[in-house]
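Written below as structure tokens is the structure these notes are about.
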Amino acid sequence: QVQLVESGGGLVQPGGSLRLSCAASGFTFSIVGMSWYRQAPGKERELVAYISGLGGTTKYADSVKGRFTISRDNAKNTVYLQMNSLNPDDTAVYYCNAVVGSYYWGQGAQVTVSS
């Protein structure tokens, strides 16, 4: 069965950095595009970044362009989200997503940006 397990969340000061990881299993990872979404309190879940199966295509929400980088290691079945220059508006639960017939989600990783 498809499983997505996020790690790397936490508390960081404004201007700081964090790297999220998502370990995937249960499907052929290298042919599936992967995404990161986030959901802040009281807001809808929004797409943050996407990467194609072989990593040749990436897309970002305007709010994170130039600060966040999505990448993947197909040998490790893992997708990453490097987040730099974090600000309080980035506070949210971050979810890894894969579309393998249906939408699959990880359990979420809390990211809190606060001084």
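The values are calculated or read from the model by the stated rules, or taken from the named source; none is laboratory data. Note that the coordinates shown come from a computational prediction; the quantities given were computed from them, not determined experimentally. Note: ideal-geometry Cβ built from the backbone for every residue, glycine included; neighbour counts use all protein chains shown. Side chains are part of the model used for accessible areas, which takes the heavy atoms of the whole protein and leaves out ligands, DNA and RNA. Shrake-Rupley method; radii C 1.70, N 1.55, O 1.52, S 1.80 Å.
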- Note on the structure: In the chain, taking the dipole from +1 charges on Lys and Arg beta carbons and -1 charges on Asp and Glu beta carbons about the Cα centre, the listed residue (G53, L20, G42) farthest towards the positive end is G53
- Item | Whole-percent carbon and sulfur share, accessible surface of the range 35-115, 1.4 Å | 47
- Message: Just to be sure I understand the model, the point goes 7 Å from the Cα along the line to the Cβ. What's the resulting S115 to K59 distance in nm?
- Response: 3.6
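Given Cα pairs under 8 Å that are at least 6 residues apart, what percent is the relative contact order of the range 40-83? The partial results should precede the final answer.
Details: 45 pairs, mean separation 12.2, N = 44.
Relative contact order here is 28 percent.
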- Magnitude of the Cβ-charge dipole (Lys and Arg +1, Asp and Glu -1) of the range 1-87 about the Cα centre, nearest 20 debye, reported as 100
- Query: How would you order 83-95, 100-112 from highest to lowest mean count of nearby Cβ atoms within 10 Å?
  - Reply: 83-95, 100-112
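Give the accessible surface of the range 1-50 per residue, rounded to a whole number of Å², with probe radius 1.4 Å and ligands, DNA and RNA excluded.
Result: 54 Å² of accessible area for each residue.
With only alpha-carbon atoms in the gyration tensor, what are the semi-axes of the equivalent ellipsoid for the chain, in Å, largest first?
23, 14, 13
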